[in-house]
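Input: a single structure, listed below in structure tokens.
Laboratory data are not the source of any read-out in this text; all were calculated from the coordinates shown. Owing to the predicted nature of the structure, the values given are computational and were not obtained by experimental measurement. Please note: Cβ atoms are built from the backbone with ideal geometry, for glycine as well, and neighbour counts cover all protein chains shown.
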Amino acid sequence: MATTILEELQARGLVQATTNDEELGKALESGCVPFYAGFDPTSASLHIGSLVPITLLARLQKAGHKPLVLVGGATGMIGDPSGRSDERSLLRDDELAKNLAGIRKQLEPFVHFGDQAEGAVVVNNADWFEPIGYIEFLRDVGKHITVNYMMAKESVKSRLNDREQGISYTEFSYMLLQAYDFVHLAKTQACRLQVGGSDQWGNITAGIELARKMGHKDQLFGLTNPLLLDSKGQKMGKTASGTRIWLDPNKTSPYEFYQYWLNTEDDDVERFLKLFSWRPLEEIATLCEEHAKEPKERTGQKALAEDITTWVHGADGYQRALVATHLIFGGSIDELTDADLNRVLPDLPSSTLSEAKLTEGIELTQLMQSTTLAKSKGEARRLISNGGVYINNVRENDTTKRVSLDDLGTETMIVLRSGKKKYHIIKVA
């Protein structure tokens, strides 16, 4: 059984490597350790690839340590070459400001910001880089790290070898800038640990080396987490169609988010439960034993999808995902209420009809056309005749059907469906 926070992180698969297991373990058990993780502000929303470092932030904070959430207002203007085969586009100032605000807000459900000793703090490296002149930076910082040292790092070496165009000086300088982030936070925030993805190892160790050469006395540490890959070694974060899975519910609905994890391969379930579920490891082991006996029941996937959706989108988001799943996979509308359907309105097309209009009745074919479930009344009639139209998930075969208040599926709503998964909700006002 894991007995320390570092052992817990290792047992859950959250640790790829550390600069010094023994000394880091002692430091984490000796008291509150300020630590930082950096987030690339290329979007106003983080995606599921960021969930591993977010999990590290949350677990270390819960163990009594202080997260410093670094958003790269300066380095984000350049872009980290680590793990990339091309150079990032530079961001405009207004884009960067919008993205920084979005990331700060998005992290609030995962870590606690406040005045307590372990309260998280957001730091922006533009605050310390903007006042530094170029010559000053070269004189005071750049002289401590050799080009030979930087070129030996995998993140730089691979870019030199894998790209026809090589690596720009702008990108090449990124390692030195991130290294100085660690030095600055060690000096101003007593930060002793940097955490990040395994592709950040070179940047993290460069920061420790720079701090040593610049005379920092306290021992600094690095900890990397595995990148989020599936059992086939493919980087996760997109659906099969190429759509990215975001943490922002306006970009990826709780239903889509839930379905993504519900479709996890059997070989990945236990690893992802350990990474992202807050269940004790013993409970996860029991759950996975149960899953192995009857994999068709998808017990593990259901637990994973529930835990991670609830953590990211809250209990209401999880319930919203369940209702949408029930509805979209043909469940009975008799079991649902207005309150249930209100949850999924952001996920499905909807429109409003007056009570007076439905009292007199409206042709189903006309309603199909007006809700774009059919391109024309003729197409609507063909769909109905072929058994492809449903009212409240009940097949409708009458091409002359008039929809009225008698067709309400809940207190004030009617659910129309064309084919397997093309839905439209009619709200009666």
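Once the piece of chain linking residue 59 and residue 219 is laid out straight, how much longer is it, given 0.36 nm per residue of separation minus the C-alpha distance between them? Gain in length upon complete extension: 55.4 nm. Show which aspartates and glutamates lie in cross-link reach of residue 62 when reach means a straight Cα distance below 17 angstrom and same-chain residues fewer than eight apart are skipped. Within the straight-line limit of under 17 Å, residue 62 reaches these aspartates and glutamates: 7, 8, 29, 108, 115, 118. Summarising the label geometry, the points placed 7 Å from Cα in the beta-carbon direction at residue 97 and residue 267 lie 4.9 nm from one another. Sorted on the mean count of surrounding Cβ atoms within 10 Å across their residues, most packed first, peptides 350-356, 101-107 read 101-107, 350-356.
A simple charge model with +1 on the Cβ of Lys and Arg, -1 on the Cβ of Asp and Glu and nothing else charged puts the dipole of the chain at about 960 debye relative to its Cα centre.
Partners of residue 153 within straight-line reach, counting lysines whose Cα lies under 19 Å from its Cα and excluding those fewer than 8 residues away in the same chain: 143, 213.
Listed by chain and number, the lysines whose C-alpha is less than 26 Å from the C-alpha of residue 401, apart from same-chain residues fewer than 8 away, are 357, 375, 377, 420, 421, 422, 427. Ordering of 367-379, 173-185 by packing is 173-185, 367-379, highest average first (other Cβ atoms within 10 Å, averaged per residue). Going from the fewest other Cβ atoms within 10 Å to the most, the residues 420, 293, 238 appear in the order 293, 420, 238. Extension gain for residue 187-residue 140 works out to 15.4 nm (0.36 nm per residue, less the C-alpha to C-alpha distance). Note on the chain: dipole from Cβ charges, positive end direction compared against 330, 225, 390; the farthest Cα belongs to 390.
Label point of residue 248 set 7 angstrom out along Cα-Cβ; within the stretch 340-360, no amide nitrogen lies under 13 Å from it. Once the C-beta distance of residue 283 and residue 108 is scaled by a Förster radius of 25 Å, the resulting FRET efficiency is 0.35 to the nearest 0.05.
Segment residue 168..residue 148, full-extension length gain: 5.6 nm, with 0.36 nm per residue of separation and the alpha-carbon distance subtracted. Per-residue ellipticity at 222 nm, computed for the chain from helices alone with -39500 (n - 2.57) per DSSP H run of at least four residues, works out to -13500 deg cm²/dmol. A simple spin-label model places pseudo-atoms 7 Å from Cα toward Cβ; at residue 231 and residue 394 they are separated by 4.2 nm. Peptides 34-42, 384-392, 242-250 ordered by packing proxy, namely the average of other Cβ atoms within 10 Å per residue, highest first: 34-42, 384-392, 242-250.
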